1. Starting from residues that are crowded, with 19+ Cβ neighbours inside 10 Å and not β-branched (Val, Ile, Thr), keep the ones in the range 97-106 and report whichever is farthest from the ligand (Cβ to nearest atom).
2. Can you tell me which residue within the range 109-126, out of those that are under 18 Å from the mean Cα position of the chain (by Cα) and surrounded by 14 or more Cβ atoms within 10 Å (Cβ to Cβ), is nearest to the ligand (Cβ to nearest atom)?
3. Within the range 42-54, does at least one residue satisfy the condition of being farther than 20 Å from LEU136 by Cβ, touching a residue at least 12 places away in the same chain (Cβ under 8 Å) and assigned to a strand (DSSP E or B)?
4. From the list ASP120, ASP100, ASP106, ASP144, which one is acidic (Asp, Glu) and either over 24 Å from GLU58 (Cβ atoms) or touching a residue at least 40 places away in the same chain (Cβ under 8 Å) (or both)?
5. How many residues are over 19 Å from LEU49 (Cα atoms), in a strand (DSSP E or B) and charged (D, E, K, R) when one looks only at the range 70-121?
6. With respect to THR12, is the statement that it is surrounded by 12 or more Cβ atoms within 10 Å (Cβ to Cβ), modelled with pLDDT under 85 and either touching a Pro at 6+ places or on another chain (Cβ under 8 Å) or farther than 26 Å from ASP102 by Cα (or both) true?
7. Picking from ASP137, ASP144, ASP133, ASP158, which residue would you name as being over 25 Å from ASN89 (Cβ atoms) and either among the acidic types (Asp, Glu) or in the same structural domain as GLU32 (by TED's automatic domain parsing) (or both)?
8. Could you check, for the range 121-144, whether at least one of its residues is of a type outside the set (D, E, K, R) and more than 20 Å from LEU33 (Cβ to Cβ)?
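The values are calculated or read from the model by the stated rules, or taken from the named source; none is laboratory data. Quick caveat: nothing in here was measured; it's all calculated off a predicted structure. For neighbour counting, all protein chains shown are included, and Cβ atoms are generated from backbone atoms with ideal geometry for every residue, glycine included.
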Amino acid sequence: MARKLVICEICTKFAVAFSNGNSPLKTLKEYELPLKTLPQGKHTFSYRLDSKFFSAMESDEIKGGQVVAEITVSVSGSVYELTLTAKGNVTIECDRCLDDMDHHVDAGYHTFVKFGKDFDDSADDMLIIPESDNCLDASRLLYDTVALSVPLHHVHADGECNPTMSDILQRHSGSESDESEETDPRWEALKNFKNFN
Ligand SMILES: [Zn+2]
């Protein structure tokens, strides 16, 4: 098919970024939305975001996962309305014990897409992609939808942290506070000396 030969600017950027990975172009193609060739009306695309996807996105925070995602594209004239949903689990690092932990994902995102002169994602709910592009690589939108659902501070439920690591960290933070609270007699003497002057 002719349109498969057309690679948009966003796709090219990803292709360069992924050039050291495994079959990067194959992965990318999965997330291309052929917006220009979609007929008017509603279209739904389904995706399975797994560890391969998150490592291809070079995510520091999400180490893996199993997320089922869907993008519904409503084509109305020259405007494309995209509704994304993502449900599943991702593996992230616990802030308290540094072990892996599961985070349940149930997220959504909504935006409009239009073709324009230059790429512009500065607006909250309108993404402009260059007229010369025929496709939209939805991988970044899918990734962001999942990543934004991860809270800034994430820890295991109470009692579920790695006990060895928790002990070490607790002892460490304990000794730090001991040190700060501990009063060195020499400092006390110095303080008294200062007071006399
Ligand atoms: Zn933990």
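1. Applying the filter and picking the extreme gives MET101.
2. Among them, the one singled out is TYR109.
3. No, the range 42-54 contains no residue that is farther than 20 Å from LEU136 by Cβ, touching a residue at least 12 places away in the same chain (Cβ under 8 Å) and assigned to a strand (DSSP E or B).
4. Numbers: ASP120 fails: either over 24 Å from GLU58 (Cβ atoms) or touching a residue at least 40 places away in the same chain (Cβ under 8 Å) (or both); ASP100 fails: either over 24 Å from GLU58 (Cβ atoms) or touching a residue at least 40 places away in the same chain (Cβ under 8 Å) (or both); ASP144 fails: either over 24 Å from GLU58 (Cβ atoms) or touching a residue at least 40 places away in the same chain (Cβ under 8 Å) (or both).
After ruling out the rest, the residue left standing is ASP106.
5. We begin by selecting, within the range 70-121, every residue over 19 Å from LEU49 (Cα atoms); these are 74-81, 94-99, 111-121.
Retained after the next criterion (residues that are in a strand (DSSP E or B)): 74-76, 79-81, 111-116, 120.
Checking the rest, the ones that are also charged (D, E, K, R) come to 81, 114, 120.
Total meeting the criteria: 3.
6. Working: surrounded by 12 or more Cβ atoms within 10 Å (Cβ to Cβ): yes; modelled with pLDDT under 85: yes; either touching a Pro at 6+ places or on another chain (Cβ under 8 Å) or farther than 26 Å from ASP102 by Cα (or both): yes.
Spelling it out, THR12 is indeed surrounded by 12 or more Cβ atoms within 10 Å (Cβ to Cβ), modelled with pLDDT under 85 and either touching a Pro at 6+ places or on another chain (Cβ under 8 Å) or farther than 26 Å from ASP102 by Cα (or both).
7. ASP133
8. Yes, the range 121-144 contains at least one residue that is of a type outside the set (D, E, K, R) and more than 20 Å from LEU33 (Cβ to Cβ).
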